[in-house]
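Reading through the structure tokens given below for one structure.
The values are calculated or read from the model by the stated rules, or taken from the named source; none is laboratory data. None of the values given here were measured: they were computed from a predicted structure. Cβ: placed from backbone, ideal geometry, glycine included. Neighbour counts: every protein chain shown. For the accessible areas, the whole protein counts, side chains as well, though only heavy atoms, and no ligand, DNA or RNA atoms are used. Shrake-Rupley method; radii C 1.70, N 1.55, O 1.52, S 1.80 Å.
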Amino acid sequence: MAAADAGAKIPITVITGFLGSGKTTLVNYILNENHGKKIAVIENEFGEVGIDDALVMETREEIFEMNNGCVCCTVRGDLIRILNKLLKRKNKYDAIMIETTGLANPAPVIQTFFVDEDVREACILDAVLTVVDAKHVTQHLDEVKPDGVINEAVQQIAFADRILLNKLDLVDVATKEAVIKRIHAINRGVEIIEAKHSRVDLDSIVGIRAFSLDKMLNEDPDFLDDGHHDKHGHAHGHPEHECDTVCHDHASHKCDDACDEHHGHTSHLDHKHDDRVTSVGIVAEGSCDMAKLNTWLSALLQERGPDLFRSKGVLSMAGSDDKHVFQGVHMLLQFSSSADGAGRPWGPDETRVNKIVFIGKNLDRAELETAFKACITGA
């Protein structure tokens, strides 16, 4: 797509978050306040229990016009159909927000924008916004799940392009800082917006192009730096990281000397929380061999797709002056480039620096770095 076309598309935000985090309060704020924006909110209800009683408004209509010009929709299942129905209406929306009510994993909603051509033509996936309850999130992150069951609170933070850290009126500064540290241990580059009662400047969550990797494309020097790592992401772990017994139920996880050095514990049974979900950021100069890169990424997604929540990167390809961008959600992968309007090409004197981030479960940093760097030709 051309850059001009991208600007004309309707930004779509996927809102997720644990029960009680303030998602409904945020939705009600959008639907009822005079904020000057025309926003369609879709309650994507996958459960058998409806959400009418959770909202200020109650209606049996599928699409309901609010007094402030916004629209509320309730849909069960066929998200594509309701999106197309909204897009055919004569009024142009400033944004569409999809609340994943009753659905812990936002991946199915995100994947909609990878596979449906009509939606891709009219809309752009703007961001995954995760609402976090500062008061209670730690207990959810610390909850030990049965083997093979992922912690939903961890997963929601891992998928986020932006975090709305809510209910800050209920915690002190030390607690807030501890929560921020935990969030960045899971999703290193994510931007955090602080809020009380889900009140937020909508410009900070609408039209931000966070999913399209603007932070990478704009070469933000802090993108891979959360204050505990060097910019190139070489540090093994996080200061508060402690392994637990669940780690060793997975053959892909191997602790080593470096692991013990950073954990600072004497026994792997002395655990406090499950840190299987982490971020791995890789920065490397040079240009990639497209064939080698495709072979590696295809094999990686085929073998580790269920464990890879998000993957994204900005790359230089040998023989091309375009910047190449990829986005992955589990096993789905989408490529674009500056030729399609995704950022600008490499400058004639610009150092070509590849940036990749993987967010997922049981990631092996050394293995990923070695495999990626084997794809670089140095051209």
Would you confirm, using the coordinates I've provided, whether SER316 is farther than 30 Å from ASP142 by Cα, at pLDDT 90 or above and polar (S, T, N, Q)? yes
Look at segment 95-134 and say how many of its residues are in a loop (DSSP other than H, G, I, E, B) and either modelled with pLDDT under 85 or surrounded by fewer than 18 Cβ atoms within 10 Å (Cβ to Cβ) (or both). 8
Options VAL119, VAL137; residue that is in contact with a Phe, Trp or Tyr (Cβ under 9 Å, 6 or more places away or on another chain), free of Cβ contacts under 8 Å to residues at least 40 places away in the same chain and of a type in the set (A, V, I, L, M, F, W, C): VAL119
The correct count of residues that are within 28 Å of ARG209 (Cβ to Cβ), out of contact with any Asp or Glu (no Cβ under 7 Å at 6 or more places or on another chain) and of a type in the set (D, E, K, R) in segment 136-176 is 3
Among what's in segment 347-368 and is assigned to a loop (DSSP other than H, G, I, E, B) and open to solvent by 20 Å² or more (accessible area, probe 1.4 Å), pick the residue that is nearest to VAL283 (Cα to Cα). ARG352
Would you tally the residues in segment 140-166 being of a type outside the set (A, V, I, L, M) and more than 21 Å from the chain's Cα centre (by Cα)? 5
I'd like to check which helices (runs of 4 or more DSSP H) are fully inside segment 156-264 and have at least 3 residues that are modelled with pLDDT of 85 or more and surrounded by 15 or more Cβ atoms within 10 Å (Cβ to Cβ). 173-186
Assuming VAL137 fulfils every condition listed in (1) within 23 Å of VAL277 (Cβ to Cβ); (2) over 18 Å from the mean Cα position of the chain (by Cα); (3) among the hydrophobic types (A, V, I, L, M, F, W, C) apart from one, which condition is it? (2)
Considering only residues of segment 284-307 that are outside any helix (DSSP H, G or I) and out of contact with any helix residue (DSSP H, G or I) (no Cβ under 7 Å at 6 or more places or on another chain), which is most open to solvent (accessible area, probe 1.4 Å)? GLU285
PHE326: passes all of (1) over 20 Å from PHE113 (Cα atoms); (2) touching a Gly at 6+ places or on another chain (Cβ under 6 Å); (3) surrounded by fewer than 20 Cβ atoms within 10 Å (Cβ to Cβ) but (1)
Let me confirm something: among ALA339, ALA371, which residue is under 24 Å from ALA185 (Cα atoms), part of a helix (DSSP H, G or I) and open to solvent by 20 Å² or more (accessible area, probe 1.4 Å)? ALA371
Filtered residues of segment 309-320 (kept if farther than 26 Å from PHE159 by Cβ and either surrounded by fewer than 16 Cβ atoms within 10 Å (Cβ to Cβ) or in contact with a strand residue (DSSP E or B) (Cβ under 7 Å, 6 or more places away or on another chain) (or both)): SER316, MET317, ALA318, GLY319
Output yes when any residue across segment 46-67 is under 23 Å from ALA153 (Cβ atoms), modelled with pLDDT under 80, in contact with a helix residue (DSSP H, G or I) (Cβ under 6 Å, 6 or more places away or on another chain) and not β-branched (Val, Ile, Thr), and no when none is. yes
Please verify whether segment 142-152 includes one or more residues that are touching a Phe, Trp or Tyr at 6+ places or on another chain (Cβ under 8 Å) and open to solvent by less than 40 Å² (accessible area, probe 1.4 Å). no
